[in-house]
1. Given the condition buried (at least 24 other Cβ atoms within 10 Å of the Cβ) and at pLDDT 95 or above, answer yes or no: does some residue in segment B:41-50 qualify?
2. For segment B:1-40, enumerate the residues that are surrounded by fewer than 19 Cβ atoms within 10 Å (Cβ to Cβ) and β-branched (Val, Ile, Thr).
3. Can you tell me which condition B:Pro417 does not meet? The list is (1) modelled with pLDDT of 95 or more; (2) over 27 Å from B:Ala222 (Cβ atoms), and all the others hold.
4. Select, from A:Ser53, A:Ser63, the only residue that is surrounded by fewer than 13 Cβ atoms within 10 Å (Cβ to Cβ), closer than 25 Å to B:Lys128 by Cβ and either of a type in the set (Gly, Ala, Ser) or away from chain B (no Cβ under 11 Å) (or both).
5. Taking segment B:51-80 as the search range and keeping residues that are surrounded by fewer than 18 Cβ atoms within 10 Å (Cβ to Cβ), within 24 Å of the chain's Cα centre (by Cα) and within 14 Å of chain A (Cβ to nearest Cβ), which one is farthest from B:Gly114 (Cα to Cα)?
6. How about segment B:284-308: which of its residues are touching a residue at least 60 places away in the same chain (Cβ under 8 Å) and in contact with an Asp or Glu (Cβ under 7 Å, 6 or more places away or on another chain)?
7. Taking segment B:104-148 only, how many residues are without any contact (Cβ under 8 Å) to a residue 40 or more places away in the chain and aromatic (Phe, Trp, Tyr)?
8. Counting just the residues of segment B:118-132 that are under 21 Å from B:Val70 (Cβ atoms) and within 14 Å of another protein chain (Cβ to nearest Cβ), which one comes out surrounded by the fewest Cβ atoms within 10 Å (Cβ to Cβ)?
Amino acid sequence: MADAVFDKVEAILTGDLHVPQEKIRPEADLRHDLGLDSFAAVELAYSLEETFSVKVTDDEMASVKTLGDLLNAVRARLAGQSPPAQ
Amino acid sequence: MSESTKRRVVVTGLGAVAPNGVGVAAFWQATLEARSGISAITAFDASPFDSRIAGQVKGLDPLAFLPPQVARKVDRFVHLGIGAASEALKDSGLDLEREDRTRVGCILGSGLGGLLFHEEQIVVGYGKGLPRLNPLCVSRITPNAVASHVAIHYGLLGPNLVISTACASGTHGIGESFRKVQHGEADVMVTGGAEAPLTPFNFGAYAAMKVLSKRNDAPEKASRPFDRGRDGFVLSEGGASLILEELDHARRRGARVYAELIGYSATSGAHHMVIPEPTGSDAALAMRLALADARIGPADVGYINAHGTSTHANDVAETKAIKDVFGDHARRVPISATKSVTGHSLGAAGAIEAVACVLTIDRGLIHPTANLDDPDPECDLDYVPRVAREAKVDIVLSNSFGFGNANACLVFARFAP
């Protein structure tokens with residue numbers, strides 16, 4: 001699981017979003033386990049876009065439940081399955 | 001509301017985050033000693049400007065009073081405002097856990113709001129593209145962020161406002177808080193002001209008005225209200241806070257009472273966005289109304305804390321207005337300008353000066369007007385030049401006259417049960 005994408009997402013979560021390090025596991029539910037409210041999810045999407053230069057749509061964020069889902073979505077985007085943001 | 005139903009309002013806590021001292025004790029000692037907080041600008045590259053000096057608050061650690069997840073997501077004016085509010089609340093001894101917090105509110109003054117983030121995001125928006133703006137833009141920029149964060153941090157459920165009247169914001173904030181307690185809409189108000197105007201764009205905007213001192217070679221001498229050698233005001237940042245409390249509420253919990261707030265007024269010169277009405281008639285009206293609200297006469301006033309910006313326009317108009325209101329007493333009443341050591345912190349200025357007024361009564365000391373070496377011939381009153389003075393002062397008047405001719409005055413009195 002640990003790779004560059006994981007490390008960067010973890011840095012966003014423990015940094016700007018102040019999620020405790022010990023809560024960060026792939027199966028963690030973003031809302032219930034990591035404590036991200038609706039506005040924190042907006043901040044997270046913004047940080048992902050800035051960090052990975054990808055576009056994260058509102059629908060994608062709404063459909064992502066766990067940290068693992070989120071990491072997979074970012075990896076898929078980086079692998080070129082969708083056009084990157086400019 | 002009839003006079004008999006108005007409730008009495010006392011000051012039970014003080015906080016100050018000023019360029020010449022962080023914390024009430026440090027600020028007051030420096031101010032008594034005429035020690036200036038003005039220095040060369042380090043917050044940003046000021047080299048393009050003719051004026052390169054400012055009143056910068058040094059050594060404020062937001063993590064001392066805010067959790068990191070909040071401290072990192074608010075603008076500097078919120079740090080300054082909550083820094084002062086936290087000191088004032090601690091000083092008051094209020095136990096908020098035991099209070100009905102629907103009866104505790106917060107009204108603060110801020111002329112500008114969260115400028116630093118605003119400027120950074122303008123660069124982002126017009127550089128990388130407007131869709132790349134940070135989702136925190138609105139919450140960091142909005143001027144009411146400072147009062148909101150005080151409420152969020154302390155769980156205050158009463159009236160919550162930010163008043164924006166440029167250089168008079170802090171004084172209006174205190175005055176409107178006074179009314180909330182006086183009229184029974186709240187029992188306790190956390191009030192004051194906060195301003196963080198030392199950002200490149202905003203500093204440039206003030207520089208463009210040609211109102212800032214260019215005394216770059218001697219920053220500590222640059223703010224010199226009523227002095228012939230003045231060449232403009234010095235822009236500063238800061239915050240200050242007062243806890244206003246209904247008298248019986250303060251008594252019931254055995255609170256220490258610094259002073260009583262007995263009068264407030266607000267007027268407009270209806271003249272110009274930047275230039276004071278030259279006869280000072282609007283400033284005079286503000287002083288008269290504040291004295292009338294306090295039900296005292298001019299001769300009762302033992303000290304005036306002047307708006308005293310160190311501009312020719314203000315200092316002369318204010319002097320005329322004081323003469324108009326006080327007549328013969330104008331030559332006897334000591335007057336001083338806190339801005340001589342703090343510079344002009346806009347929306348925080350009136351709040352910092354209110355703290356100085358309360359301490360004047362409480363400590364029996366009038367702080368001097370620093371740098372008043374050679375008075376302007378048009379400014380011929382007793383401005384307590386350079387050296388503090390011992391004096392038992394029972395009633396003080398604090399003046400604030402903002403850009404846009406927004407005027408506000410406060411009257412504080414020694415507390416007598």
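1. Initially, segment B:41-50 is screened for residues buried (at least 24 other Cβ atoms within 10 Å of the Cβ), giving none.
No.
2. Once the filter is applied, which keeps residues that are surrounded by fewer than 19 Cβ atoms within 10 Å (Cβ to Cβ) and β-branched (Val, Ile, Thr), segment B:1-40 yields only B:Thr5.
3. Tallying (1) modelled with pLDDT of 95 or more; (2) over 27 Å from B:Ala222 (Cβ atoms), B:Pro417 fails exactly one: (1).
4. Working: A:Ser63 fails: closer than 25 Å to B:Lys128 by Cβ.
One residue alone meets the criteria, A:Ser53.
5. B:Leu63
6. If the condition is that a residue be touching a residue at least 60 places away in the same chain (Cβ under 8 Å) and in contact with an Asp or Glu (Cβ under 7 Å, 6 or more places away or on another chain), then B:Gly302, B:Asn305, B:Ala306, B:His307, B:Gly308 are the ones that fit.
7. Result for segment B:104-148: 1.
8. Initially, segment B:118-132 is screened for residues under 21 Å from B:Val70 (Cβ atoms), giving B:118, B:120-121.
Next, from what is left, pick out any that are within 14 Å of another protein chain (Cβ to nearest Cβ): B:120-121.
Numbers: B:Glu120: 17, B:Gln121: 19.
Across segment B:118-132, the extreme among qualifying residues is B:Glu120.
The values are calculated or read from the model by the stated rules, or taken from the named source; none is laboratory data. Only a predicted model underlies this, so the values are computations on that prediction, with no experimental measurement involved. When we count neighbours, we look across all protein chains shown, and the Cβ atoms used for this are built from the backbone with ideal geometry, even at glycine.
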